[in-house]
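Accompanying notes for the structure given below.
The values are calculated or read from the model by the stated rules, or taken from the named source; none is laboratory data. Please read these numbers as outputs of a predicted model, since none were measured by experiment. So basically every Cβ, Gly included, is an ideal-geometry build from the backbone, and we count neighbours across all protein chains shown. We work out accessible area using only protein heavy atoms, side chains counted, and drop any ligands, DNA or RNA first. Shrake-Rupley method; radii C 1.70, N 1.55, O 1.52, S 1.80 Å.
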Amino acid sequence: DALDPSEGDDDVEGQWEKESSSSSPEDSGAPEASEPSGEEEEEEEILVSFGSLFYCFPGKHHNRSAAKYAPPQVRKAQETLDDKKREELGRLKKMVNGLINRLSEPNLSSISGQMEDLYMANSRKDMNETLTDILMNACVTAVAMPARLLMEHVLLVSILHHNVGIEVGAHFLEAVVRKFDELCKSDAEGKECENLLALIAHLYNFHVVHSLLIFDILKKLVGTFTEKEIELILFLLKNVGFSLRKDDALALKELITEAQRKANTAEKKLQDQARVRFMLETMLALRNNDMRKIPGYDPEPVEKLRKLQRTLVHSSGSGKETQLRVSLESLLNADRVGRWWIVGSSWSGAPMINDKNSKTEQKLQIGKVSSKIMELARKQRMNTDIRRSIFCVLVTSEDFLDAFEKLLKLGLKDQQEREIVHVILYCCLQEKTYNPFYAFLASKFCQYERRFQVTFQFSIWDKIRDLENLSAAAITNLVSLLAHLIRTKSLPLSVLKVIEFSELDKPKVRFLRQVLSMLLIKTDAEELSDIFMRISDNPKLGMLRESLKLFLTHFLLKNAQAQKNAEEASLLKERVEVATKALQAKEPKLKL
């Protein structure tokens, strides 16, 4: 009956994993030592001596070590501690449950204060688990919950998230997202999915989570695109659509385009075409910022509770800095790859171990070239650690996508993030000949987040104001960069409004002529019309439109006819006509 030694090892390991995983939470929380006692160490020495004997009886070896004899006094003490822990948790659950049952807008201040006291008096782990369980039981039911009730419960979580710590909101968010993902995969007929989605939407409304998660969920729903998903998309857009438009209009536009494509391909499969049309109409209303076309949309309750939130949150900030910028994939894989969004959260799982060698090699490789690059950074006057890090990434990246990913992984916040834009622009202008790498990287950042777009706009305005002090090569590089950003719609044409057309000097005339010439010649007529039309309906840009029309016809066209050949002059004339028509497309006509 003797077994092969390798099989015996496998059986022992498998049995150990099975028994350790099936142990109760109370046992894991008990103060029974994780460190081996002297008695266990002696047993291990005996087992090493008689290893060959236990190879023949792997099951017996393990059972003897697992079912170790404990004296009655030790067993009694352990049971007493477990009973005491269960009693404390039961009492804590009753207290939290009582507070949640009495929760309403008028007494939110006192209840949030009492909850903060409970967090101070008890373990945060116990409090987070208790609060999450009670809220999930209260809010996630088979029937649709009142919107006001859900908002008040989420507002309490948001206040605790800002006042106690981000792990409160993170624990609740992870539980909600996991439950939502589980129910989406099943064919549940109740309203649990809508209630969970409402909780996620209000967590976004009250600044617990970033719009990144909302867009991830919407992309997942659009990707599936069944009748159930269409209802969920409509439900989510009705709750947070206009906030998403304010935070990231470009991502919302891409989502609408994808939804329209899916609707066109799935026309025959879906029975209820009216709901699809209604969804597309809702999306178009969001894109056009038309609140009237969304039935039942009322932002007043959320705004009222946001004002209450501002009075109850202790910190003076807006709450944006405590938002969890976490993706759907990160939340679902948290058990496997760790919770990087919580400070002090440990990593678990094999990926960290498997990648150890490759990471050490990468560090060594960076160390070899770093002395040369750091010397180059010093010559380029990168005088802070953040600027040096950004510069090293730009120099060592394979392409602009690699640079983009590495710069995001630096994890810079707020003001530090702006240094990315400053260093990219500085390096671009320092090149002897124009390098399109910086233009593509800048375009990628502008499309990624609106705040980068704003920072690039202000930085370029500073350079335009300071044209007199720039070298000829720097001006040429700036012209090419700006033309690329406008052509790819990363920046609007309104970026030129900083130029005072009534006070143009020679450097600015030359700069403007080069930018517009490059834009007109290198852009297709259709795209050119779209670029110029984007500023045609804004009443605040009336002066810019008139100035551009005058500059195109009198400065640019006449100069081109004098200096360029007939073919180029003819092409430029056609494009100027296209641009002029686009500028006049949506102007209000004066009736005499």
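Can you give me the solvent accessible area of Ser186 with a 1.4 Å probe, rounded to the nearest 10 Å²?
Its accessible surface works out to 50 Å², give or take rounding.
Just to verify a number: what accessible area does Leu544 come out at with the full protein assembly present, 1.4 Å probe, Å² rounded to tens?
Here the accessible area works out near 10 Å².
Using the C-alpha gyration tensor of the range 148-291, what are the square roots of 5 times its eigenvalues, in whole angstrom, with the largest one first?
That gives 27, 18, 12 Å for the three semi-axes.
Could you calculate the contour length gain from Arg450 to Met374, that is, 0.36 nm times the residue separation minus the distance between their Cα atoms, to one decimal place in nm?
Values: separation 76, 0.36 × 76 = 27.36 nm, distance 3.11 nm.
Computed gain between Arg450 and Met374 is 24.3 nm.
Given 0.36 nm per residue, what is the gain on full extension from Val143 to Lys489 after removing their alpha carbon distance, in nm?
Working: separation 346, 0.36 × 346 = 124.56 nm, distance 4.54 nm.
Length difference between fully extended and current span is 120.0 nm.
Beyond a 21 Å Cα-Cα separation, which of these cross-linked pairs lie in this structure: Lys497/Lys549; Lys191/Lys246; Lys125/Lys219; Lys219/Lys489?
Values: Lys497/Lys549 13 Å; Lys191/Lys246 29 Å; Lys125/Lys219 33 Å; Lys219/Lys489 23 Å.
In this structure, Lys191/Lys246; Lys125/Lys219; Lys219/Lys489 exceed 21 Å between Cα atoms.
Mean 1/r over all different Cα pairs, inverted: what Kirkwood radius does the range 75-333 give, in Å? Display every interim value, and only then the final one.
Working: mean 1/r = 0.0510 Å⁻¹.
With all distinct Cα pairs of the range 75-333 included, I get 19.6 Å.
Per 0.36 nm of contour for each residue apart, how much would the distance between Glu254 and Trp461 grow if the chain were fully extended, relative to their Cα-Cα spacing?
Values: separation 207, 0.36 × 207 = 74.52 nm, distance 2.80 nm.
Contour length minus Cα-Cα distance gives 71.7 nm.
Can you list residues from other chains, or at least 5 along the same chain, whose modelled amide H is less than 5 Å from the amide H of Val209?
Tyr204, Leu324
At R0 = 60 Å, how high is the FRET efficiency between Arg124 and Lys506 if r is their beta carbon distance? Nearest 0.05 is fine.
Working: r = 66 Å, r/R0 = 1.09.
The formula returns an efficiency of 0.35 here.
In what sequence, largest accessible area first, do Met518, Met120 appear using a 1.4 Å probe?
Values: Met518 50, Met120 160 Å².
The ordering from most to least exposed comes out as Met120, Met518.
As a test of reading the structure, rank Phe440, Phe532 by solvent-accessible area (1.4 Å probe, protein chains only), most first. It would help to have the intermediate numbers written out before the result.
Working: Phe440 95, Phe532 0 Å².
Sorted by accessible area, descending: Phe440, Phe532.
If contacts are Cα pairs under 8 angstrom and at least 6 residues apart, what is the relative contact order of the range 75-333 in percent? Spell out each step's value before the answer.
On the way: 234 pairs, mean separation 57.5, N = 259.
Once divided by the residue count of the range 75-333, the mean separation gives 22 percent.
How much accessible surface does Glu281 have with a 1.4 Å probe, in Å² rounded to 10?
Result for Glu281: roughly 110 Å² accessible.
Using 28 Å as the Cα-Cα cut-off, could you pick out the over-long pairs in Lys372/Lys522; Lys409/Lys522; Lys93/Lys179; Lys432/Lys522?
Values: Lys372/Lys522 38 Å; Lys409/Lys522 34 Å; Lys93/Lys179 21 Å; Lys432/Lys522 22 Å.
Where the Cα-Cα span goes over 28 Å, the pairs concerned are Lys372/Lys522; Lys409/Lys522.
Between Leu312 and Ser110, what is the label-to-label distance in nm when each label sits 7 Å out along the Cα-to-Cβ direction?
It is 1.4 nm.
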